[in-house]
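Trainee: Can you read through this structure? Questions will come right after.
The values are calculated or read from the model by the stated rules, or taken from the named source; none is laboratory data. Remember, it's a predicted structure, so these values are computed and weren't measured experimentally. Positions of Cβ are generated from backbone atoms using ideal geometry, with glycine treated the same way; all protein chains shown enter the neighbour counts.
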Amino acid sequence: MKIETKVGAFFIATLAVLGVLVFNTGKLHLGNDKASGHYLTFFDQVAGLSVQAPVRVAGVKVGEVRVIELDHGRARVEMGLPKDFAIYQDATVSLSSIGILGEKFIDLNQGTVSKGALDPSVPIPSKTGVSLDDLMGTLGDVARDVKGVTGALNRSLGGEEGRAKMDEIVDNIRVLTAEFRTMSQENHAAISHTMANAESISGDLKERIPRLAQQFEELGKHLDAMIQETRPELRGTLQDVHKLAGGFQETAANLKNITAKLNNGEGTIGKLLNDDTTIKKINTAVDNLNDMLGGFKSMDLRLDLNGARWTSRGDSQTGLGIEIAPRHDYWYALDLNSTPDGKIADSTRTVQKIDPTTGLPVTVLEKTRTVTSDQALTVSAQFSKRFAENWVLSAGIVEGKGGGGVEFRSMEDRLRLGALAYDFTKRDDKPNPRYRLTASYQFWKNVYFKAGGQDLGNKELRSFFVGGGIRWKDDDLKKLVGLASSAK
């Protein structure tokens, strides 16, 4: 046989073996089937479950699906488990998946030992879980219901008229809650006393009602006898009752006349009840009071007590800062600082020196520059505005001079990096504007550490500082500020 024929036959045989393996992949199992146990179960539907899918107990793979067939309208599933794996008579199986879109597997509950071992020929009962399609259908029904509710709310409350209704309802609820709160606080003791009296009275009535019923029955008998005896006197009493009824009718007429005048706006009370302008003024005053009290309630008052050590001038700085923040994105800052303020002084004097050329004494002018430091009390007042949450721009008076700065804040304002420029007037003692760079980090509760450089634009005055401080909010001082403002 030629070599080409042998190679061709070998190639054809190899393709045949590969074809058999491909068509029997679903029936190919690793290991020895004789060492495995086979159990059956039935499901109404097994969408997503495939051959060789895992069988798990408590999430741990213990076997796999061997066969999936249709048997009288139900899915017949054959599982391969280790031969010595224990399955008991109350065991159950259910379909499950890893996550929403993960692979499907059979979740096996082995049952309890006391029920005895299950015969492999008996199918294991299955439990039906909620499928993703059922869940999506239910969610679709819920979405349609929610859409109907939101549509009804939109038709009822949409537009300016609906917004006006909601505003009116909120205002009414606010007024009612304030009145109920005041009423309950003023009458708390009286209500408690009344409830105690009511409890005492109910206890007494429980004991006395049977006796009162008997006494009323006897009283009725006595009244019947008295009426028979005093019938002439009763006629006079009825006449008095008629006169009293006439007086009540006259009083009712007077009350009707008074209410008519009130409805027509007559008198001070009538004008108050019927004049829309007066009512609007009262409502406006109440709204202004609510806005003012709400503003003070939402306002923050922050204090900053700090100090630092100047490296070049060998002196210390102490300061107290107060920030009044009506809102989170802007605030007003007032600072009082005792700062070692450096100043430049130039002096000129006449001295005699030896001329190196002639060797004779000559008179020359010698200039001397000195730097002095005075402890000065300075006042700063600035307006600060927050942008993009992390950036703060400020402007105003800085240590008695005009200036402004920018600051980067992060980690809920615990980390701050800032640059400040002020005092742009050119003077002999400070030739250039004053620049300050500061970095601070709040490392524990309200305590922070800071460091930076001062007078970076003036070489002779340039200094670095290291220090720290405490920042905190003061609610009591905020209440005092609110009371002072409302008193005005």
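Trainee: Name the single residue, out of those in region 423-440 being within 48 Å of the chain's Cα centre (by Cα) and crowded, with 17+ Cβ neighbours inside 10 Å, that is nearest to Thr378 (Cα to Cα).
Mentor: Checking each candidate, the answer is Asp423.
Trainee: Is it the case, given these coordinates, that Ser202 is loosely packed, with under 10 Cβ neighbours inside 10 Å and of a type in the set (Ser, Thr, Tyr)?
Mentor: yes
Trainee: Confirm whether Gly116 is modelled with pLDDT of 90 or more, farther than 21 Å from Ala53 by Cα, touching a Phe, Trp or Tyr at 6+ places or on another chain (Cβ under 8 Å) and surrounded by 13 or more Cβ atoms within 10 Å (Cβ to Cβ).
Mentor: Considered against the rule, which asks whether it is modelled with pLDDT of 90 or more, farther than 21 Å from Ala53 by Cα, touching a Phe, Trp or Tyr at 6+ places or on another chain (Cβ under 8 Å) and surrounded by 13 or more Cβ atoms within 10 Å (Cβ to Cβ), Gly116 comes out as no.
Trainee: I'm trying to understand the selection: among the residues of region 431-462, which are closer than 16 Å to Thr311 by Cα, assigned to a loop (DSSP other than H, G, I, E, B) and not charged (D, E, K, R)?
Mentor: Answer for region 431-462, where residues must be closer than 16 Å to Thr311 by Cα, assigned to a loop (DSSP other than H, G, I, E, B) and not charged (D, E, K, R): Leu456, Asn458.
Trainee: Moving to a separate point now. Please identify the pairs in which a residue from region 188-208 that is on the phi < 0 side of the Ramachandran plot has its Cβ atom under 6 Å from the Cβ atom of a residue that is part of a helix (DSSP H, G or I) and modelled with pLDDT of 75 or more, counting only partners at least 6 apart or on another chain.
Mentor: none
Trainee: Inside region 403-412, can you point out the residues that are surrounded by 15 or more Cβ atoms within 10 Å (Cβ to Cβ) and over 16 Å from Ala333 (Cα atoms)?
Mentor: Arg409
Trainee: Can you name the residue in region 307-328 that is surrounded by fewer than 17 Cβ atoms within 10 Å (Cβ to Cβ) and small (Gly, Ala, Ser) and is also nearest to Ile470 (Cα to Cα) among such residues?
Mentor: Looking at residues that are surrounded by fewer than 17 Cβ atoms within 10 Å (Cβ to Cβ) and small (Gly, Ala, Ser), I get Gly307.
Trainee: While we're looking at this one, here's another question. From Lys271, Lys261, Lys297, which residue is surrounded by 12 or more Cβ atoms within 10 Å (Cβ to Cβ) and modelled with pLDDT under 70?
Mentor: After applying the criteria, what remains is Lys271.
Trainee: If I ask for residues that are among the aliphatic types (A, V, I, L, M) and modelled with pLDDT under 90, which ones from region 372-410 would you list?
Mentor: The answer is Ala376, Leu377, Ala388.
Trainee: If Ser380 satisfies all but one of (1) part of a strand (DSSP E or B); (2) exposed (fewer than 13 other Cβ atoms within 10 Å of the Cβ), what's the number of the condition it fails?
Mentor: Looking at each condition in turn, Ser380 falls short on (2).
Trainee: Limited to region 74-86, what total is found for residues that are at pLDDT below 90 and more than 15 Å from Lys61 (Cβ to Cβ)?
Mentor: Number of matching residues: 3.
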